[in-house]
1. What residue, among those in the stretch 339-381 that are in a loop (DSSP other than H, G, I, E, B) and either within 16 Å of the ligand (Cβ to nearest atom) or basic (Lys, Arg) (or both), is nearest to Glu120 (Cα to Cα)?
2. If we scan the stretch 289-303, do we find a residue that is among the aromatic types (Phe, Trp, Tyr) and within 16 Å of Val90 (Cβ to Cβ)?
3. Restricting attention to the stretch 253-269, which residues are over 21 Å from the mean Cα position of the chain (by Cα) and either in contact (Cβ under 8 Å) with a residue 12 or more places away in the chain or open to solvent by less than 30 Å² (accessible area, probe 1.4 Å) (or both)?
4. Filtering the stretch 72-121 down to residues that are open to solvent by less than 10 Å² (accessible area, probe 1.4 Å) and hydroxyl-bearing (Ser, Thr, Tyr), which residue is nearest to the ligand (Cβ to nearest atom)?
5. Select from the stretch 124-141 the residues that are open to solvent by 20 Å² or more (accessible area, probe 1.4 Å) and either touching a Phe, Trp or Tyr at 6+ places or on another chain (Cβ under 9 Å) or touching a residue at least 60 places away in the same chain (Cβ under 8 Å) (or both) and list them in ascending order.
6. For the stretch 233-242, name all the residues that are within 18 Å of Glu87 (Cα to Cα) and more than 14 Å from the chain's Cα centre (by Cα).
7. Answer with yes or no whether Tyr281 is in contact with a strand residue (DSSP E or B) (Cβ under 8 Å, 6 or more places away or on another chain), open to solvent by 10 Å² or more (accessible area, probe 1.4 Å) and in a helix (DSSP H, G or I).
8. Would you check which residues across the stretch 208-232 are within 16 Å of the ligand (Cβ to nearest atom), over 20 Å from Ser86 (Cα atoms) and either hydroxyl-bearing (Ser, Thr, Tyr) or open to solvent by 10 Å² or more (accessible area, probe 1.4 Å) (or both) and list them?
Amino acid sequence: MLSRRVELFVESVIRDMTRLSLKYDAINLAQGFPDFPAPEELKRTAASAIMEDYNQYSITWGAKDLRAEISQKARKYNHIEYDPESEITVTCGSTEAMMASMLALINEGDEVVVFEPFYENYGPDAAVSGAVPRFVPLDDDYGIDEDALASAFNKKTRALILNTPNNPSGKVFTKGELKLIADLCIDNDVIVVTDEIYEHILYDDRKHISIASLDGMGDRTITISGFSKTYSVTGWRIGYALAEKNLTSAVRKVHDFLTVGAPAPLQHACVAALRFPDSYYEELARMYDGKRKLLYNALTKAGFGCQMPEGAYYILADIPEGVDMDDMDFARYMVSKVGVAAVPGSSFYRSKKGRHKLRFTFSKKDETLMEAARRLERLNV
Ligand code: GLN
């Protein structure tokens, strides 16, 4: 007999597509991870940390010097103040930070507001923590319907999950939108759990705004981010959660018994990452901007309907007209016959809207994207 909780969700479709991609030797534009090297200095620091014997548990909440650097970064970049001693928790990726936050906040039956489309994990996060997700669909341009959002709140609402810049849509929430969300959360005494893992991947001069920096939100927000995307080290599994001390002590308790702590030598290297100059982040955004345009052009040429993402490194595209397959069948066709793997849109929607979409990542070398473009030309629709 298995638990009811595991019946509520399926294995990750994103990672399933990676396995299919390997099977068919396809180009993996499904799972969002770079196929190019991580920064040299980071790799050297990590390797020497192991040789210098940073090989035992670090403090459960995260190495002290790393928490100090994260606190400074949060002040400078996110305009939020959190005490490294009592308000910062280093986790095994932002995935663990999100799950630990949900487990710390939710009682069985509490409701959680989630915008649709949403990142695949938030469904299982809700299921495991016992939350009932209340999906609020964004419009076709990913704008918020204020009435729909307001009516999603009720006495059972405990939290709202935000993700900006957004995976899969590429939406970057504006200050006005964040203010609207903040006001509703304050009025309804709701905590925001915000996943800001793509905070440095923004285009066309957009600025990242952390909802915790808005008036009245510092004490009712758990801000989650990590090193995977900004420093191209998705396999290191280092993330963190920032929250006022009562929330943090609950998150820390869960984290302690879930994983004890994040990998010690890699935490050591992450200190060096946070000391990179501003030019590193400018170059990162510039690099992804080029890749964004490359993939957008390739998909458009192949007949997909696309919007230019405002941030993050995905394009959520409409399946070309004339294709007589749903997202699952078409994704299987693409990986096995065209040689390009993507994620079926239904992974990101509760409604049927996702069945006409595929998500592609452009977190790949230009040559990988160009080869994908060549293969996409084979799509005869
Ligand atoms: N965040 C990445 C994506 O959306 C990787 C997902 C994962 O495998 N954890 O593709």
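The values are calculated or read from the model by the stated rules, or taken from the named source; none is laboratory data. Since the structure is predicted, the reported quantities are computational estimates derived from the model, not experimental observations. Cβ: placed from backbone, ideal geometry, glycine included. Neighbour counts: every protein chain shown. Just so you know, the surface numbers come from the protein's heavy atoms only, side chains and all, with ligands and any DNA or RNA stripped out. Shrake-Rupley method; radii C 1.70, N 1.55, O 1.52, S 1.80 Å.
1. Tyr349
2. No, that holds for no residue.
3. Answer for the stretch 253-269, where residues must be over 21 Å from the mean Cα position of the chain (by Cα) and either in contact (Cβ under 8 Å) with a residue 12 or more places away in the chain or open to solvent by less than 30 Å² (accessible area, probe 1.4 Å) (or both): Lys253, Asp256, Val260, Ala264, Pro265, His268, Ala269.
4. Thr91
5. Residues satisfying the conditions are Pro124, Val128, Pro133, Arg134, Phe135, Pro137, Asp141.
6. Answer for the stretch 233-242, where residues must be within 18 Å of Glu87 (Cα to Cα) and more than 14 Å from the chain's Cα centre (by Cα): just Leu242.
7. Criteria not met by Tyr281.
8. The answer is Ser228, Lys229, Thr230, Tyr231, Ser232.
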